[in-house]
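The values are calculated or read from the model by the stated rules, or taken from the named source; none is laboratory data. Note that the coordinates shown come from a computational prediction; the quantities given were computed from them, not determined experimentally. A quick note on method: Cβ atoms are made from the backbone with ideal geometry, for glycine too, and the neighbour counts reach across all protein chains shown. Side chains included, ligands, DNA and RNA excluded: accessible areas come from the protein's heavy atoms. Shrake-Rupley method; radii C 1.70, N 1.55, O 1.52, S 1.80 Å.
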Amino acid sequence: MPILAAAQCAVRAGDIDANLALHQKFMRRAQALGVGLLVFPELSLTGYEPTLADALAQDAHCALLAPLRALARQASMTTVVGLPLRSPDHEKPLIAAFMLHADGSLGIYTKQHLHPGEDQYFSVGNGGDLLQLYEVPIALSVCADFSQPQHAQRAAARGAQLYAASVLIGETGYPHDSALLQSYAERHAMAVLMANHGGPTGGWAAAGRSTFWDERGRCVASTPGTGNRLLVVSRQFEGWAGLDAPLIDPDA
């Protein structure tokens, strides 16, 4: 399995240009550490801003992703970023995870389960195929998706060996939500990578503490709190190992 990383980022509300620059800093830092799969939180490029989603929504092949796609290809690093998706088949935007593959191709996963109130701003998505990386099947999840146990159960039944969750989890919800994700790892013998926001967004005080649990449900590594931090994990001969790597750039 390749080296994996969660990009715990503190983004600016609705400022796609600034967030693009921050994503590039994360990607370059991850590249230097040999990362093969980099996962950002839910709606990482815009922030979790439901009231702005319609104005900020982008088409599937939007030009603004071009620099990130080029960097993903140059770094040979599949990168998952969050962005509202405009679809001709839906009245409202979808909450999407764009998979920028190392070979230059693009895949899209759309959030299947919405939190109460999100349906005012977003349409329900259809999920997506498993991500295959170095012959390892990886299932994506966007926030409320993991609140439904059948979502992880179906991922495991499809053969996923890793459940990668892009989330926004606040302080009050963190104990319950992290315990739920840990239980999926233990119950389904499926490693779980959780990429949380590292700063406030959409009126929520994100908890940070992005985490990786191994196939036995053991917490291998977690970031110590909020802020712009990279959680990097790799499979060693004796098992998984992880480290917390803050961004080097002082302006990040």
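Figures for the structure shown
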read-out	value
Integer Hz, Karplus 6.51/-1.76/1.60 couplings in order for the range 90-100, x for Gly and Pro	9, 5, 10, x, 9, 8, 10, 10, 8, 9, 8
Ranked by how many other beta carbons lie within 10 Å on average, peptides 54-66, 142-154, 75-87, 124-136 from highest	75-87, 142-154, 124-136, 54-66
Reduced Cα scattering model of the range 1-47, Debye log10 I(q)/I(0), q = 0.13, 0.17, 0.31 Å⁻¹	-0.28, -0.46, -1.12
Exposure of Trp240 as accessible area (Å², to 10), given a probe of 1.4 Å and all protein chains	20 Å²
Burial order of peptide ranges 163-170, 3-10, 228-235, 17-24 (average beta-carbon count within 10 Å, highest first)	3-10, 163-170, 228-235, 17-24
Ratio of the Cα radius of gyration of the range 41-175 to 2.2 N^0.38 Å, where N counts its residues	1.03
Accessible area of the chain belonging to carbon and sulfur atoms, whole % at 1.4 Å probe	49 percent
Where labels lie 7 Å past Cα in the beta-carbon direction, separation of Cys62 and Glu238 in nm	4.6 nm
Mean Cβ count within 10 Å, highest first, over the residues of peptides 196-202, 97-103, 67-73, 113-119	196-202, 97-103, 67-73, 113-119
Surface accessible to a 1.4 Å probe, Lys25 within the full protein complex, Å²	50 Å²
Mean separation of Cα contacts under 8 Å (6+ apart) over length of the chain, as relative contact order %	20 percent
Beta bridge orientation in the chain: antiparallel %, DSSP, nearest 5	65 percent
